[in-house]
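Below is one structure, written out as structure tokens, with a few remarks after it.
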Amino acid sequence: MENEEIIESYPKYVMNTYGRQPIAISHGKGIKVWDNNDNEYMDLFAGIAVNNIGHAHPNILNALKEQSEKLIHCSNIYYNENQLKLAKLLNKFILNTKVFFANSGAEANEGAIKLARKYTKKTEIISTKNSFHGRTLATITATGQPKYSEPFKPLPAGFKHVKFGDIDELKNTINDKTAAIILEVIQGEGGIVTADITYFKEVEKISKENNILLILDEVQTGFGRCGKMFASELFNLNPDITTVAKAIAGGFPMGAIIANEKVAEGFEIGDHGTTFGGTPLACAVAIASINTIIDENLIENSQNLGKYFKNELLKLKNKYDFIKDVRGYGLMIGVELAIKCSDIVDKAREKGFLINCTAEKVIRLVPPLIIKKEEIDIFIKAMNEIFIEISN
């Protein structure tokens, strides 16, 4: 089927919940994807920071093939060796922790909220404005953007929002019912926004002083995306709970709650569960993906190429006054404009590049970590042409 036929048929059979781009992706390899009309694109969106090791990586394909020939699914009623191997691997990066395996970032955050309430025996969760934590009822309520939650009222009780980066407002919001503070180190959907180390260290200090759990949502920032395995390393943070998903399994659906040993004991048998979380197949693919990130030095590549990418974008900023800011860490970069960026996304796609617009005026660039300098140069040249067109 060609793009046009697929797009035309969608409304009859698929719920209309996404603002989709007018192409149907058929396959990918490395940093490139192709649509059903055989048009080629450089993918600088990577499935919303999911395909960190690119598309159709041979290590992922081998893991899928080998494990699917043994066992795809078994219930969590039974032990699963691959879960143990993956938990041990994650423990190398976030020490002295235990893991609960889920299927997505929203599920991981939902579970983290449950764990925080169960462990602390307190009810309130503080999150920040402009944040994004998922699409379940609890996680859209935790999300600090009313546009996601307004249509679904009444919402669950026990959630409060404070300004990101405002330590005084946070202090004034804490009370004896506060169970946890949940933060994104870098707000992805909020426009690639972060705060300084002083703020994060103060949040960590306040949490400990008040016996409040600190939950870091690393769903978008994890697994090398920010030039470190996890963004917490950028600010030397030691959260009680870390939530991950997206890139953990190289494109295969998976998420996880990673909690320190003490907090993890808050969950007892029967408190939480999932049918598909941590299947032998998902865990095998996740192990392959994480080992690939390590073995191919993709964290270092994210750090180095991220700096190069930002510097090249800053050169464009110096040329065009409608570029207000270039920010981010590693290969999680935001280009804030003085104008809405949806048209720029369309123009980039027409030139063969897939990018994303978030927070209306921020171009979000989260390419696979395997990107090369020459590929960045090709994209920068194309963006310069687009910006010249806009300027005229």
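No lab work stands behind these numbers, since they all come straight from the coordinates. Since we're looking at a predicted model, the values are computed, not measured. Cβ coordinates were reconstructed from backbone atoms using ideal geometry, including for glycine residues, and neighbour counts include every protein chain displayed.
Quick notes on this one:
- Anisotropy class of the stretch 16-144 from Cα gyration tensor, a/c 1.5 cut: oblate
- FRET efficiency, 1/(1 + (r/R0)^6) with R0 41 Å, evaluated for L61 and E233 via beta carbons: 0.85
- Look at the Cα gyration tensor of the stretch 58-101: its axes a ≥ b ≥ c give a/c of at least 1.5 with a/b at or below b/c, and that counts as oblate.
- In the chain, taking the dipole from charged Cβ atoms about the Cα centre, the farthest positive-side position among L314, L213, T274 is held by L213.
- When the charge dipole of the stretch 346-389 is built from unit charges on Cβ atoms (+1 for Lys and Arg, -1 for Asp and Glu) and taken about the Cα centre, the candidate among G352, L369, I380 whose Cα reaches farthest toward its positive end is L369.
- Mean Cβ neighbour count within 10 Å, used as a protection proxy, ranking 374-380, 313-319, 358-364 highest first: 358-364, 374-380, 313-319
- Shape class of the stretch 74-188 from the alpha-carbon gyration tensor: prolate, with a/c at 1.5 or above and a/b greater than b/c.
- The chain: DSSP helices with Cα axial extent of at least 20 Å and average Kyte-Doolittle hydropathy no lower than 0.5: 280-295
- Label-to-label distance, nm, for residues given as M15 and Y308 (7 Å Cα→Cβ offset): 4.3
- Remark: relative contact order (the stretch 175-277) = 22 percent; criterion is Cα-Cα distance under 8 angstrom and separation of 6 or more residues.
- Sparsely packed trypsin sites (Lys or Arg not before Pro) within the stretch 71-125, loop by DSSP, other Cβ within 10 Å at most 13: K92, K121
- Difference of contour (0.36 nm per residue) and Cα-Cα distance, N175 to D38: 43.6 nm
- Rounded Å value of the spacing that divides the Cα centres of the stretch 223-244 and the stretch 334-363: 27
- Relative exposure of S302, S149, S289, judged by other C-beta atoms within 10 Å (fewest first): S149, S289, S302
- Within the chain, DSSP assigns beta bridges of which about 65% are antiparallel (rounded to the nearest 5).
- Assigned charges on the beta-carbon of Lys, Arg, Asp, Glu; the stretch 1-73 dipole about Cα centre (debye): 360
- Mean separation of Cα contacts under 8 Å, 6 or more apart, over the residue count of the chain: relative contact order %: 21
- Per DSSP, loop trypsin sites (Lys or Arg not before Pro) in the stretch 167-235 with at most 15 further Cβ within 10 Å: K177
- Charges were assigned to the Cβ only: +1 to each Lys and Arg, -1 to each Asp and Glu. The resulting dipole of the chain about its Cα centre is roughly 760 debye.
- The GluC sites (Glu not before Pro) of the stretch 19-77 that meet both conditions, a loop assignment by DSSP and at most 15 other Cβ atoms within 10 Å of the site Cβ, are E69.
- Cα pair distances in the stretch 300-343, grouped into 5 Å bins until the bin that holds the longest one, percent each: 6, 24, 28, 20, 14, 6, 1
- Volume per residue for the chain equals 151 cubic angstrom (convex hull of Cα atoms).
- Over the stretch 170-296: Rg over Rh, Cα atoms, Kirkwood Rh: 0.99
- Value of relative contact order over the stretch 15-166, rounded to a whole percent, pairs C-alpha under 8 Å and six or more apart: 12
- Net length gained if the chain between K208 and K340 were fully extended (0.36 nm per residue, minus Cα distance): 43.4 nm
- Inter-part distance where the stretch 6-66 and the stretch 151-201 are each reduced to a Cα centre, Å: 33
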